[in-house]
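The structure appears below as structure tokens.
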Amino acid sequence: MEPNTLKQVYQHPLLQNGDLEAIFGAHKKVMLNKGDFLLREGQIANEYLILEQGLIRAFVHNFDGKDITTNFFTEDEIVIEVSSLFQRIPTNENIQALTDCVCWKIEFQIFQELFHSIEGFREWGRAWMSQSLFEFKNRSVSMITDSATDRYLNLLQHKPDVLKYAPLKQIASYLGITDTSLSRIRKETAQI
């Protein structure tokens with residue numbers, strides 16, 4: 001039986017049942033403990049994961065050595081460092097489990113074989129990459145044009161588990177604000 005998580009992620013009109021069976025069969029179930037690293041700065045990504053349960057974050061170290069959260073991954077999302085995986089270069093990011101997690105892993109070489117042999121998988125990949133680029137662009141613009149309160153409310157609406165399980169310091173760095181500002185925003189929005 002295929003996990004619902006994989007069914008949620010791999011949706012495309014060109015993917016036939018046989019294609020999906022091959023894709024699902026290429027994934028291995030992986031359990032992560034809170035604090036486990038999937039990828040560390042300087043490594044080359046050799047896989048991506050689909051998160052079934054839990055919370056994972058990506059972060060970098062800035063010029064002062066302070067860690068800055070670049071992304072949070074929640075259920076039914078692909079946990080990936082695109083540049084490292086597809087360009088085969090060392091990453092600047094770290095990816096770490098913030099909670100115990102259940103994931104489905106596919107290795108790069110197996111992904112490549114399926115990508116080149118299944119047309120629907122190629123089309124799914126293009127659609128996923130386009131959507132990811134769109135989301136990245138929107139987040140970049142939002143960091144400039146939206147207030148910190150609006151960015152917080154957007155995170156609350158789209159990824160509520162982040163606010164339940166991630167430390168405030170990590171949430172604040174993701175939003176581009178200080179811990180103190182985040183505390184004030186949380187207090188103000190709780191009264192609404």
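The values are calculated or read from the model by the stated rules, or taken from the named source; none is laboratory data. What you see is a predicted model; the values in this text were computed from it and never measured. Note: ideal-geometry Cβ built from the backbone for every residue, glycine included; neighbour counts use all protein chains shown.
For the range 106-186, the helices (runs of 4 or more DSSP H) that sit wholly inside it and include 3 or more residues that are in the same structural domain as residue 68 (by TED's automatic domain parsing), of a type outside the set (Val, Ile, Thr) and surrounded by fewer than 16 Cβ atoms within 10 Å (Cβ to Cβ) are 108-117, 119-145.
Within the range 34-92, the residues that satisfy the criterion of being in contact (Cβ under 8 Å) with a residue 24 or more places away in the chain, part of a loop (DSSP other than H, G, I, E, B) and among the polar types (S, T, N, Q) are 43, 46, 74, 91, 92. When 113, 135 are checked against the criterion of being over 14 Å from the mean Cα position of the chain (by Cα) and free of Cβ contacts under 8 Å to residues at least 60 places away in the same chain, a single residue qualifies: 113. Just one of the listed residues (56, 50, 44, 23) is touching a His at 6+ places or on another chain (Cβ under 8 Å), assigned by TED's automatic domain parsing to the domain that holds residue 124 and of a type in the set (A, V, I, L, M), namely 50.
Evaluate the range 12-26: report whether one residue or more is among the aromatic types (Phe, Trp, Tyr), under 27 Å from residue 88 (Cβ atoms) and in contact (Cβ under 8 Å) with a residue 60 or more places away in the chain. For the range 12-26, residues among the aromatic types (Phe, Trp, Tyr), under 27 Å from residue 88 (Cβ atoms) and in contact (Cβ under 8 Å) with a residue 60 or more places away in the chain: absent.
In the range 83-105 there is at least one residue that is at positive phi and either surrounded by 19 or more Cβ atoms within 10 Å (Cβ to Cβ) or modelled with pLDDT of 95 or more (or both).
Inspect the range 12-29 for any residue being of a type outside the set (Asp, Glu) and touching a Ser or Thr at 6+ places or on another chain (Cβ under 7 Å) and give the result as yes or no. Looking through the range 12-29, none of the residues is of a type outside the set (Asp, Glu) and touching a Ser or Thr at 6+ places or on another chain (Cβ under 7 Å).
Residues of the range 1-24 that are surrounded by fewer than 12 Cβ atoms within 10 Å (Cβ to Cβ) and either of a type in the set (Gly, Ala, Ser) or under 19 Å from residue 60 (Cβ atoms) (or both): 18 alone. Looking across the range 163-184, the residues that are among the basic types (Lys, Arg) and under 18 Å from residue 35 (Cβ atoms) come down to 164, 169.
Scanning the range 1-58 for residues that are more than 19 Å from residue 128 (Cα to Cα) and either β-branched (Val, Ile, Thr) or in contact with a Lys or Arg (Cβ under 7 Å, 6 or more places away or on another chain) (or both) yields a count of 4. Close contacts from the range 164-192, counting a first residue that is under 20 Å from residue 141 (Cα atoms) and a second that is acidic (Asp, Glu) and outside any loop (DSSP other than H, G, I, E, B), with Cβ to Cβ under 6 Å and a gap of 6+ residues or different chains, come to 172/179.
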